[in-house]
1. Give the relative contact order (percent, whole number) for the range 78-136; include only Cα pairs under 8 Å separated by 6+ residues.
2. Taking 0.36 nm per intervening residue step and subtracting the Cα-Cα distance, what contour gain separates residue 328 from residue 354 on full extension?
3. With the alpha-carbon atoms as the only input, what is the per residue convex hull volume for the range 75-162 in Å³?
4. I need the peptides 56-64, 356-364 ranked by packing, meaning the mean over residues of other C-beta atoms within 10 angstrom, with the highest value on top.
5. Roughly how tilted is helix 107-117, in degrees to the nearest 10 and between 0 and 90, from the longest Cα axis of the chain?
6. What ranking do 194-205, 10-21 get when scored by the average of other Cβ atoms within 10 Å per residue, highest first?
7. Of the listed peptides 173-180, 368-375, 26-33, 315-322, what is their order by residue-averaged count of other C-beta atoms within 10 Å, with the highest listed first?
8. Provide, as a two-decimal number, the C-alpha radius of gyration of the range 107-205 over 2.2 N^0.38 Å, N being how many residues it has.
């Protein structure tokens, strides 16, 4: 019998600084603490699942009889970006950080990019995505030069007005950059509007490095479905994905999750809800972040009723992005939450895991495979009695 696993990444919803946060300039970061302090925060469903029972979340009331197994995972990879976080969740620890460019990209990269695209460029330094189109949008429209910028992450971002550079042409420029720049992601950032009122459109597209083998490749190799929702397909450069569902934001992502829950499939449905990070974390909007968590929680209460008896639901994150953090506006080096829910299943305290990779390793174990993925399975802690364990894993 088929197994359905739903894994939802609440992009950037960290649960407190890691011991090495100081090395990343992130001492004191705590996304969940910042967000839960807002009067816009309401998460009764997550509370019942056990979110507030997680070690370190002692500023919120724990639930007496949580519905899910709960814990937190430390990041073993050297980084705090989206790409490395997702790869680690899926069983690949990155011992070396992806390259970043705090002083902008070197001349040899920019000269080659200009030569191959036939367009000049503007900026070439770390910048906020909304600020950069506000400050340079007019010059871009007047000259046709591409707005190129980066951040604390390993990214090469290209912003262009859709009336100046058609979106498909922007994607082609990103493919060129992908061949030139050794970053984790090249990101297309199309925008529209007029002077003083430029806005980014939902047609963003990420062009990622192809990851080493991950859980997605294992599942696909064995004939399982790997259904991506949101930017998962981009993060993994399509590697191991059998079906991609791009989305326009959290609301659309939750709609697609509802749709997939109504279907038969055998494998993993893997969703990223990006608005927490993109719209609220980086913009240091505490109330917006809190309201988005509340909206997800209200949706989640209904989604749980759509799960079948043997379905598994995993809720986690990929890094932190504390909206109250003042030292910078980038991601924050934090533990990520781990909630593992099966209807009627045990509610084990999974404690603090050494790596995000334990999640992917446990999913692999659930499907009965044994490969060289990084991580340590905790399947025995989240399954039933021996007889129930046999029933659950051998169907």
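Every number in this text was worked out from the coordinates using simple rules, so none of it is lab data. Quick caveat: nothing in here was measured; it's all calculated off a predicted structure. Ideal geometry is used to build each Cβ from the backbone, glycine not excepted, and the neighbour counts take in all protein chains shown.
1. 28
2. Details: separation 26, 0.36 × 26 = 9.36 nm, distance 2.66 nm.
Contour length minus the Cα-Cα distance gives 6.7 nm.
3. On the way: hull volume 10.5 nm³, N = 88.
It comes to 119 Å³ per residue, whole-number rounded.
4. Ranked by mean Cβ neighbours within 10 Å, highest first: 356-364, 56-64.
5. Tilt relative to the chain: about 80 degrees.
6. Numbers: 194-205: 13.5, 10-21: 23.3.
Per-residue Cβ counts within 10 Å, averaged per peptide and sorted highest first, yield 10-21, 194-205.
7. Details: 173-180: 17.8, 368-375: 15.5, 26-33: 23.2, 315-322: 28.0.
The packing order, highest mean first, is 315-322, 26-33, 173-180, 368-375.
8. Here the answer is 0.96, to two decimals.
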